[in-house]
1. Work out Dmax and Rg for the chain from the C-alpha atoms and quote the Rg first, both in angstrom.
2. How much of the DSSP beta bridge set in the range 270-482 is antiparallel, as a percent to the nearest 5?
3. Order these by the 10 Å Cβ neighbour count, fewest first: 86, 125, 229, 98.
4. Quickly rank 438-451, 352-365 as a protection proxy: mean count of other C-beta atoms within 10 Å, highest first.
5. Output the peptides 401-409, 209-217 sorted from most to least packed, where packing is the average of other Cβ atoms within 10 Å over each peptide's residues.
6. For the range 270-482, what relative contact order do you get, as a whole percent, if you take Cα pairs closer than 8 Å and at least 6 residues apart?
7. Based only on Cα atoms, what mean projected area does the convex hull of the range 2-190 have, in nm²?
8. So if we plug the beta-carbon distance of residue 453 and residue 12 into 1/(1 + (r/R0)^6) with R0 = 51 Å, what FRET efficiency do we get, rounded to 0.05?
C-alpha cells in the first residue's frame, strides 16, 4: 500500500520512497532534533483539536484505522480526529474530518506546524482527498490549519489565536490531475527491483544536494556498472560530491560528460583582508549563541519559532599578545532565559572592543528581538550589534578574500575549520551540531535526568558552544599568519 507518508517521501525524492520500502536500514537514525520536532508536531496536533468541539478519535492505522473510521461515521460522528481511508493500493490518515450536515459531505482539516501554506501541502491534502473520495467519502472542501506567525503568547496558549485556517480547496482541486499522475508514478517506483537501479538514480530531483542518493550509491557499488546510462548532470554531481570515485568510472564516460578533475587552489587577498582587520579593536570578544525555538511559544512575549538564546560562549583577548580567556552562560531551568542571560552578558562584554561572530545576521537579529522584550538592555544590545565583526565574510566565495578549493565555495564554520585548523574537531564532541544542542536544553531542564546524567549533558552542551568560539579564535590567528 502507498501511504500518504510514502507519497510525500516520493515527492521529496523517489530514492527516499524506494529506500524506505526496500532498504530502510540505509536511512539515518532519528537525531534528538528530529525527535524534538516530532514531539512538537504531536503537541501542535493536540492543540489544534481544541478548535473543534465534540470530536472523537479513530484509533489505528491502515485497514484497522479505516474500519474504525467507518464505524465512527456510521455511529453519527460529526468530527473525527485521525480518520483513515483505504482504497485499493493507496491509503492515508488525515488529521481532522468535519461533517457538513446539509449534504452529508466532509471537510478535511490538515494541521501543520508551518506558518504558511507550502506547495507540498497542496499535494499532501490532495492525496488525502483522492483517498477519501475513492473510499466513498465525499469531500466538500479542504483546509490547512497552520501557525499564526503574528501570535504573541500572553499567559495560557489560546488555540484560536495561535492557529490560522486557510481554505486551500481551489488550489487542491486544480492540482488533483497532477497528483493522480504522481500517485501512479510513485506506485511504480515503490515496486522497482534491482534492474531499475539506473532509473532510480536518474530519478533523483537534486543530485547536487540530495542525501538519499548518497545513502543509496555508497551502499550499492553496482552503480559503477551502469554509469554509462546515468544522466550527465547526475553523474557529474555524484563525482563532484565524491559519492562516486572517478577512478572507477571508464575514461570515455568521464570525457563524454565533460568531467574534469578539480584543481586544488588557494587564493588569499592579503591587502583586502588587512583592510577588513583594520576594523578590529581590542579587546576582541569571540561570541556565539545557542538558541531554542518552538511553534508553540514556551514563554510570555515570545512568538512562534522565535529563536530564544539560552546559552552563550565568549572568549576574550585583551590585546594581541594576551592569552585568550573564556566565560559562558547556560540557563539551567526551562524558563525565559533572556534577563539572566543578558545580565551576565552585560558584565562579560565591556563597553569597547570588537565582537567577532560567524554569520552576524543571526546574532544581531537575536539581540534585536531580546531588546524588544527586555528594554532595559536596549542600549547595551545596540552597542553589541554596532561592534560586531562577521568573520565569515572573509571566506565568502564571492568576496574573493580567502578561498580554497576544499571549501567547495561554501563558508560555514564546519567547512572552514577542518581545512584551516584540523587540530580542532567537532567529531570528538558528544554534541556535534546546533540542532542537537537546541534539543538538549529541554532535556537538561525537564527534571528526568539523574544528577550524573545532568552534569554530563551540561558539560557536553558547554563544550559544544565553546568549540564554536575556539574555532573562531584559531581561524583568526591562522589568517593573520597567512597574510603576514
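1. In Å, with Rg to one decimal and Dmax whole: 26.7, 81.
2. Restricted to the range 270-482, the bridges split so that about 75 percent are antiparallel.
3. By the 10 Å Cβ count, ascending: 229, 98, 86, 125.
4. Taking the mean over residues of other Cβ atoms within 10 Å, the ranking is 352-365, 438-451.
5. Taking the mean over residues of other Cβ atoms within 10 Å, the ranking is 209-217, 401-409.
6. Relative contact order for the range 270-482 comes out at 22 percent.
7. For the Cα atoms of the range 2-190, the hull's average projected area reads 11.7 nm².
8. With R0 = 51 Å, the Cβ-Cβ based efficiency is 0.90.
No lab work stands behind these numbers, since they all come straight from the coordinates. Since this is a predicted model, take the numbers as computed values, not measurements. Don't worry about glycine lacking a Cβ; one is built from the backbone with ideal geometry, like all the others, and counts go over all protein chains shown.
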